[in-house]
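The values are calculated or read from the model by the stated rules, or taken from the named source; none is laboratory data. Fair warning: this is a prediction, and the values are worked out from it, not measured in the lab. Note: ideal-geometry Cβ built from the backbone for every residue, glycine included; neighbour counts use all protein chains shown. In case anyone asks, the SASA skips ligands and DNA or RNA and just uses the protein heavy atoms, side chains included. Shrake-Rupley method; radii C 1.70, N 1.55, O 1.52, S 1.80 Å.
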Amino acid sequence: MKTLMKSITLILVLISFRSFAQNSDPKFLQATKTGLELIATAKGAEDYLKAENHFERIATIATKEWLPSYYAAYCNLYAGYMTADKELKDQYWDKALLEIDKADALSANNSEIYALKGALQFMKMSVDPRTRMYLMGESAASLEKAAVLNPENPRIDLIKGQDIFYTPEAFGGGKAKAKSILESAVAKFTIFKPSNTINPNWGAEAAKALLAQCK
């Protein structure tokens, strides 16, 4: 009897894991929403790493879904933003680039993936501009591809504007040059609607906050 019960339990677990891997499955949706709530309440690098770990676990089960790896990369991007240690920044952003490549392998020609990849490549460059200037070109190419795939994606202009905002005027950046790009981002955010409740929908408040500093 015990053997039979163990067999039934194992079958139920396998069924559960298989169904979890389906995009429309409530367990996948709930797990992703839980991860998005972790992101929404994150206050520092440690919180983003906790959310990243959550999405990593989803990715090991939902192996055909691109969103878990996408959001894991997003979390590592922000963990890097929120640490001053350059070695840790490199560590987080190197891992994020691997994660965004995993997402790309599962969802080719996805504007959201190329936009985030462009942001990561720019930040990798910023750790050591003297030896990594080539990443500036790679970032621009990723953002250009994202724009070709979906010119109305507001995160592309947010990332471009943010990059210029934080680049010194002496190197072609500054608030004045970032302003029109951030205005475009804010305008696009007002009409952007994600295709479902778990697809990327971040950045509107960041675009408004940066634009406010340009006035």
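Normalised per residue, the accessible area of the chain is 55 Å², obtained with a 1.4 Å probe and no contribution from ligands, DNA or RNA.
In the chain, helical runs assigned H by DSSP with n ≥ 4 each contribute -39500 (n - 2.57); averaged across all residues and rounded to the nearest 500, the mean residue ellipticity at 222 nm is -25000 deg cm²/dmol. In this Cβ point-charge picture (+1 for Lys and Arg, -1 for Asp and Glu), the stretch 52-97 has a dipole of about 120 debye about its Cα centre. Surface composition of the chain: carbon plus sulfur atoms contribute 59% of the solvent-accessible area (1.4 Å probe, protein chains only, all chains present). In this model, which of K33/K175; K50/K215; K33/K117 are farther than 26 Å apart at the alpha-carbon? Pairs exceeding 26 Å: K33/K175; K50/K215. This model, with +1 at the C-beta of Lys and Arg and -1 at the C-beta of Asp and Glu, gives the chain a dipole about its Cα centre of some 360 debye.
Return one number: the angle in degrees, 0 to 90 and rounded to the nearest 10, between the long axis of the Cα atoms of helix 86-106 and the longest principal axis of the Cα atoms of the chain. For 86-106 against the chain, the angle is about 60 degrees.
Over the stretch 45-129, the hull volume per residue, using the convex hull of the C-alpha atoms, is 71 Å³.
Its Cα gyration tensor gives the stretch 96-215 an equivalent ellipsoid. The semi-axes, each the square root of 5 times an eigenvalue, are 22, 20, 10 Å from largest down. Each of P129, L49, N196 was scored by the projection of its Cα onto the charge dipole of the chain, and the greatest displacement toward the positive side belongs to N196; charges sit on the C-beta of Lys, Arg, Asp and Glu.
Compute the whole-percent fraction of alpha carbon pairs in the chain spaced more than 33 Å apart. Tail of the P(r) past 33 Å holds 19 percent of the pairs.
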